[in-house]
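Encoded as structure tokens, the structure appears first; notes follow it.
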Number of protein chains: 2
Amino acid sequence: MLSKKTKYALHALTYLGKHRENKTVLIQDIAEEHGISHKFLENILLELRKAGYLGSKKGKGGGYYLIKEPKEIPLSRIIRLLDGPIALLPCVSLNYYEPCAECKSEVQCGINKVMVQVRDETLKILENKSLQDILDGE
Amino acid sequence: MLSKKTKYALHALTYLGKHRENKTVLIQDIAEEHGISHKFLENILLELRKAGYLGSKKGKGGGYYLIKEPKEIPLSRIIRLLDGPIALLPCVSLNYYEPCAECKSEVQCGINKVMVQVRDETLKILENKSLQDILDGE
DNA sequence: CATAAACTCTATAAAATTTATAGGGATTAT
DNA sequence: ATAATCCCTATAAATTTTATAGAGTTTATG
């Protein structure tokens, strides 16, 4: 399951996607719309900005806005950013690889081999769905 | 990512699958082979037995053994049993459904719609891979 | 029939992670 | 000048995961 952080990030991105005509959107507005803690959401939006998905404007009249095309924001990226690996095991993660302590040899491990396949097929799904698909369903 | 519980379960099932000629296998043997805590693994095997994948024999000379064909043990089942939902959000889980607090209307939620698709495609992958596939890779 | 070997079951403790809060700083419009 | 707003880092609270503990129960065997 996705963490609340990722779930909230998706809600925030969706909200921002739906309000692209506005110059900026307040954290507070998104938080209220979904009943999310302002401060918790603040941290999430900060991460999304640092990762290059959002722009922000400080000071009075400031707020956040989307700086990428919704089409260019695949689910895989958002999940990786906030939740970490998409792979089911560390030993098959492309972006967060770590060996599994209990496994003597990766090349001889049937679990590893199957999980590589699962990872590749899962990635295909998540790279192929973007914020645009979410917006299309609203 | 899978929990250690699920990962250990997969190792245990693999071990049992590789030793089907034996009448029984000791918890201790599996634990040692993979450097897993005996007691932790004990709880996991108990769950697998209660769920109908393993049989056990008590007392001296006892142990665990596989009672299902490896082909009949899909990854999806093992993951659900030990880790819970496969869906990325509670509001699209088939087996562990819960509404999302921050979402006013599921039928109007674009996130929900996309996640239903992701769930269905992910399930296809995980239902289609079984312990047999793991054993084939060993 | 005594003993040791093994699984059974439930409770609890420890560790790690996730979720949430807090508050002072910096910037900007008016 | 002031108020609004994002920026940043630290810490607290809650939850979940991981691990341990120990008293049962069953069974093979000498």
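Going through segment B:98-138 one residue at a time, which ones are of a type in the set (Ser, Thr, Tyr) and modelled with pLDDT of 95 or more? Break it down stepwise before answering.
Taking segment B:98-138 and keeping what is of a type in the set (Ser, Thr, Tyr), we get B:105, B:122, B:130.
Matches in segment B:98-138: B:THR122, B:SER130.
Can you go through A:LEU82, A:LEU75, A:LEU123 and tell me which one is more than 7 Å from chain B (Cβ to nearest Cβ) and either in contact with a His (Cβ under 6 Å, 6 or more places away or on another chain) or surrounded by fewer than 17 Cβ atoms within 10 Å (Cβ to Cβ) (or both)?
None of the other options fit; the residue is A:LEU123.
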Single residue of A:SER93, A:SER37, A:SER105 found to be farther than 30 Å from B:GLY137 by Cα and hydroxyl-bearing (Ser, Thr, Tyr): A:SER37
Being within 10 Å of chain A (Cβ to nearest Cβ) and under 19 Å from the mean Cα position of the chain (by Cα) is the filter; apply it to segment B:90-107 and report the residue that is most open to solvent (accessible area, probe 1.4 Å). B:TYR96
Close pairs (8 angstrom Cβ cut-off, 6 or more residues apart or separate chains): over 16 Å from A:LEU88 (Cα atoms) in segment B:119-138, surrounded by fewer than 16 Cβ atoms within 10 Å (Cβ to Cβ) anywhere: B:GLN132/B:GLU69; B:GLN132/B:LYS71; B:GLU138/A:GLN108
With criteria (1) over 29 Å from A:HIS11 (Cβ atoms); (2) basic (Lys, Arg); (3) not in a helix (DSSP H, G or I), B:ARG77 comes up short on (3)
Which members of segment B:1-54 meet the condition of being touching a residue at least 60 places away in the same chain (Cβ under 8 Å), β-branched (Val, Ile, Thr) and either open to solvent by 20 Å² or more (accessible area, probe 1.4 Å) or near DNA strand D (Cβ under 10 Å from one of its atoms) (or both)? B:THR6
Qualifying position, being within 16 Å of DNA strand C (Cβ to nearest atom) and either in contact (Cβ under 8 Å) with a residue 12 or more places away in the chain or not assigned by TED's automatic domain parsing to the domain that holds B:LEU13 (or both), among B:LEU94, B:LEU88, B:LEU75: B:LEU88
Consider B:ILE111 carefully, then state whether it is in contact with a helix residue (DSSP H, G or I) (Cβ under 6 Å, 6 or more places away or on another chain), more than 30 Å from A:ILE30 (Cα to Cα) and among the hydrophobic types (A, V, I, L, M, F, W, C). no
Could you check segment B:1-66 for helices (runs of 4 or more DSSP H) lying wholly inside it with 1 or more residues that are touching an Asp or Glu at 6+ places or on another chain (Cβ under 7 Å) and more than 12 Å from DNA strand C (Cβ to nearest atom)? B:4-18, B:27-34
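The values are calculated or read from the model by the stated rules, or taken from the named source; none is laboratory data. The structure presented is a predicted model; accordingly, all values stated were derived computationally and were not measured. Ideal geometry is used to build each Cβ from the backbone, glycine not excepted, and the neighbour counts take in all protein chains shown. Surface accessibility is based on the protein's heavy atoms, side chains included, excluding ligands, DNA and RNA. Shrake-Rupley method; radii C 1.70, N 1.55, O 1.52, S 1.80 Å.
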